[in-house]
């Protein structure tokens, strides 16, 4: 059996497994969805509880409408900076005590910011769920924001930002985001920008905290071996005293018009990184499901065109993929390929050829079936743990579509036709920017 045939066989097998997973886990997830209880506290905070008596662990996600979508170039990275600070000390515990408390509960607690939200995430053995919720509340409501910790985190973030500039893929990706979105807040990584992070101080962090950590912008999701009434009662006791306040408005600066531009960066490394990208539909766009299938056909797993054609058949790629993260506002599509510098020109042309092919030719029935199975199967597999269930509940509620969105989304994916795929490809892939990160000449 040839290497290509073996890869195709494995891909079909994985797709079939994905379909089985989608069927079995989606059934479990649908049942779980029916068991989700949504409660709105008097001050406007939302609490979601999913009872799962079969698992001895609990996952918690406290999400805030805060992230790069709520920043400007002058404040880029402020949300993530704040999240790293809140878990490093409260008025009652220092960072070590927070970690040790979570360890004693058989779990962990962490915080970070992304494009559309910021999260405090925690897990614990189910018998400690109330203690962990108390710890989450302490981190949420009483961050110390000490000057010493702020300086340490600022130094850490500065190193992270410098490191991104020295990594070929990260440098190319950041350049592509900047060119695709301009001053739109999706135009920078959650780490932020060097100049903005260096300016951040306690006053800026405290103002950002007071603006965003308000009931109308906060969602608490709990999934695990808990009782709905108990969780709601404790959440009311912990968060109910917060005075009512609405969520702040995001930054709605529009991105620049799509353009078929090309840029080349010189970044030390062993490979050339070729990235092509452009705008993609938002979470509520009718084109979302079709475009997600486009992305999966091109770069979703071993059965994808990028893997089978560019890597397996032509031998032009060390790594390749297509990505399209879900975003509340119109986000991005990304095609990427890592190749040997000697193959750079040929690989770039081959990548572009695949992006043009899906616009010109309808996908086969088999490709469509496998792509849907992969897309739905990976979604089902990703929802197996209570931590991920809590994340999905909180993130979709924070996005404004509610946890019921997944049922609608899966139905939309199943309904996608080959004509839908071609139409979406023609709409979103016709004009893409290219950024190449290549090593310096020898």
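The values are calculated or read from the model by the stated rules, or taken from the named source; none is laboratory data. Quick caveat, the model's predicted, so the values are computed rather than measured. Reconstructed Cβ throughout: ideal geometry from the backbone, glycine too, with neighbour counts over all protein chains shown.
The figures follow:
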read-out	value
Checklist (1) under 30 Å from residue 365 (Cα atoms); (2) in contact (Cβ under 8 Å) with a residue 24 or more places away in the chain; (3) not in a strand (DSSP E or B) applied to residue 311, failing item	(2)
Any hit, the range 172-187, residues being touching a helix residue (DSSP H, G or I) at 6+ places or on another chain (Cβ under 8 Å), modelled with pLDDT of 95 or more, outside any helix (DSSP H, G or I) and at negative phi	no
Listing of helices (runs of 4 or more DSSP H) fully contained in the range 326-441 that carry 1 or more residues being over 19 Å from the mean Cα position of the chain (by Cα) and surrounded by fewer than 22 Cβ atoms within 10 Å (Cβ to Cβ)	344-360, 365-382, 405-415, 418-428
Criterion violated by residue 315 - all others in (1) at pLDDT 95 or above; (2) surrounded by 19 or more Cβ atoms within 10 Å (Cβ to Cβ); (3) at positive phi satisfied	(2)
Complete set of residues in the range 175-195 that are closer than 19 Å to residue 156 by Cα and surrounded by 17 or more Cβ atoms within 10 Å (Cβ to Cβ)	188, 189, 190, 191, 192, 193
Residue 265, sole failed condition from (1) assigned to a strand (DSSP E or B); (2) buried (at least 21 other Cβ atoms within 10 Å of the Cβ)	(2)
Failed criterion for residue 267 (all others in (1) closer than 27 Å to residue 37 by Cα; (2) assigned by TED's automatic domain parsing to the domain that holds residue 326 hold)	(1)
Condition met for residue 305 (over 23 Å from residue 347 (Cβ atoms) and either in contact with a strand residue (DSSP E or B) (Cβ under 6 Å, 6 or more places away or on another chain) or at pLDDT 95 or above (or both))	no
Residue check for residue 376: within 30 Å of residue 124 (Cα to Cα) and out of contact with any strand residue (DSSP E or B) (no Cβ under 9 Å at 6 or more places or on another chain)	yes
Count of the range 125-184 residues which are closer than 30 Å to residue 322 by Cβ and out of contact with any strand residue (DSSP E or B) (no Cβ under 8 Å at 6 or more places or on another chain)	15
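Residue-wise test of (1) in contact (Cβ under 8 Å) with a residue 12 or more places away in the chain; (2) in a helix (DSSP H, G or I); (3) surrounded by fewer than 18 Cβ atoms within 10 Å (Cβ to Cβ); (4) not assigned by TED's automatic domain parsing to the domain that holds residue 62.
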{"site": "197", "(1), (2), (3), (4)": "yes, yes, no, no"}
{"site": "206", "(1), (2), (3), (4)": "yes, yes, yes, no"}
{"site": "219", "(1), (2), (3), (4)": "yes, no, no, no"}
{"site": "222", "(1), (2), (3), (4)": "yes, no, no, no"}
{"site": "234", "(1), (2), (3), (4)": "yes, yes, no, no"}
